[in-house]
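Notes follow once the structure below has been shown.
The values are calculated or read from the model by the stated rules, or taken from the named source; none is laboratory data. The model shown is predicted, which means the values in this text are computed figures rather than measured ones. Heads up, the Cβs are rebuilt from the backbone with ideal geometry, glycines too, and the neighbour counts pull from every protein chain shown.
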Amino acid sequence: MWPLRSLLYVPAHRRDWVAKAIRVSPDAVILDVEDSVPPQHKPAARALLREEISELKAAGVFAFVRINAIGEGAELDVAAAVTDGLAGVKLPKAGKPEQIQLLHDWLSYHEGRAGLEHGSVSIMPIPETAEGLYRGHELAKASSRVKALCGVISGPVGGDVAQAFGFRPSMGGLEQLFLNSKTVLDSRSAGAMYPVAGVFGMKMDDMGEVESVIQRARDVGYAGVCVMHPSHVAVANRVLRPSAEEIEYFRGMLDAFAEAERAGLGAVSYRGAMIDYAMLPRARDVVAEAERMRAKA
């Protein structure tokens, strides 16, 4: 499943939106029962989750659920969501490792009730409090289920993270660089190797702005992005997957290095740059991703 490049939010109480989401080919859909669902509609959203997850599984799209925060309905959300086809849950307002451990235990219980393999449902914490932003490494380390921390990269319109951290978001994003670099490092250093970023706060219909924010996420080290509008999925897929030029470049690098090794060398000049063993993991990752994309086509 990992890495996931494009994850599209869909309010879980809007049942007919799931089919529309499938048509734009995201890697995953996040069925939301938190911020995009009015309080009076949350019971209906929970009641629809299993049917929606089944539809996503049949279409080959990974299903996540953004549950409510611990103490705000999360336990009800987990009970409603755990079913065959659920890939993971996103925990908003994650602030303490103990919250991740509690969620881990809830998932274990409901996996057992549903006859699912233990540990099959992953956890994606969203640090949205000052404490959570500070303790990102601990959150990612708190459970083997955590495969990714979820950060935030925004345009000029900020949300919970901007409020918690105290920065004033801009389109350029310089004020967000430290936090996002920290989130990526916290995730990877804890073994959660595929951090993702929620991207929002720009003009929804300005594809240039959308692409700029997604490129920022890619360049700072995120493996994927969570988007709020179907039209943004294609941009995310294009920006975050290796281009034909990158694939050709890195395949050539591996071929050149293999030839150098046969000659007894541990370094080689390739297209004007000196290449040694330190450059090979990135090349192998890109080529492996290209093979994965071809297999899915």
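Things worth noting here:
- The single condition among (1) surrounded by 19 or more Cβ atoms within 10 Å (Cβ to Cβ); (2) over 17 Å from D285 (Cβ atoms) that A192 does not meet is (2).
- Residue within the range 4-17 that is among the acidic types (D, E), modelled with pLDDT of 95 or more and farther than 26 Å from G132 by Cα present: yes
- Residue, surrounded by the fewest Cβ atoms within 10 Å (Cβ to Cβ), within the range 209-224, restricted to residues that are within 18 Å of E289 (Cβ to Cβ) and out of contact with any His (no Cβ under 8 Å at 6 or more places or on another chain): D219
- Some residue of the range 32-54 being touching a Phe, Trp or Tyr at 6+ places or on another chain (Cβ under 6 Å) and at pLDDT 95 or above: yes
- The C-beta contact set for the range 180-193 (first residue in contact (Cβ under 8 Å) with a residue 60 or more places away in the chain, second residue surrounded by fewer than 17 Cβ atoms within 10 Å (Cβ to Cβ), distance under 9 angstrom, 6+ apart or interchain) comprises M193/W2.
- Screening the candidates G159, G115, G151 for the property of being at pLDDT below 95, out of contact with any Lys or Arg (no Cβ under 8 Å at 6 or more places or on another chain) and either within 18 Å of A217 (Cβ to Cβ) or assigned by TED's automatic domain parsing to the domain that holds S212 (or both) yields one hit, G159.
- The range 244-291, subset at pLDDT below 90 and surrounded by 12 or more Cβ atoms within 10 Å (Cβ to Cβ), residue farthest from L4 (Cα to Cα): A290
- Neighbours by Cβ (under 8 Å, 6+ apart or cross-chain): first from the range 209-225, under 19 Å from I30 (Cα atoms) and in contact (Cβ under 8 Å) with a residue 12 or more places away in the chain; second buried (at least 19 other Cβ atoms within 10 Å of the Cβ) and of a type in the set (D, E): G224/D27
- For first residues located in the range 121-132 and farther than 19 Å from M1 by Cβ and in the same structural domain as L107 (by TED's automatic domain parsing), partners that are surrounded by fewer than 24 Cβ atoms within 10 Å (Cβ to Cβ) and aromatic (F, W, Y) and lie 6+ apart or on another chain with Cβ distances below 9 Å form the pairs P127/Y134; A130/F165.
For every residue, the table says whether it meets (1) at positive phi; (2) surrounded by fewer than 16 Cβ atoms within 10 Å (Cβ to Cβ); (3) in a helix (DSSP H, G or I); (4) not assigned by TED's automatic domain parsing to the domain that holds C226.
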| position | (1), (2), (3), (4) |
| --- | --- |
| V10 | no, no, no, no |
| H13 | no, no, no, no |
| V29 | no, no, no, no |
| P43 | no, yes, yes, no |
| I70 | no, no, no, no |
| D84 | no, yes, no, no |
| V89 | no, no, no, no |
| L102 | no, no, yes, no |
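- Helices (runs of 4 or more DSSP H) contained in the range 121-225 and holding at least 2 residues within 22 Å of L8 (Cα to Cα): 160-165, 177-189, 207-220
- All positions within the range 24-38 that are over 16 Å from A63 (Cβ atoms) and in contact (Cβ under 8 Å) with a residue 40 or more places away in the chain: D35
- Contact annotation: residue pairs with Cβ atoms under 7 Å, 6 or more positions apart or on different chains, pairing a residue in the range 263-278 that is over 17 Å from R251 (Cβ atoms) with a partner that is of a type in the set (V, I, T), are A267/I275.
- Note on the range 15-27: among residues that are surrounded by 15 or more Cβ atoms within 10 Å (Cβ to Cβ) and of a type in the set (A, V, I, L, M), the one that is farthest from N68 (Cα to Cα) is V24.
- Here V199 clears all of (1) in the same structural domain as A162 (by TED's automatic domain parsing); (2) over 26 Å from P127 (Cα atoms); (3) not basic (K, R) except the condition numbered (2).
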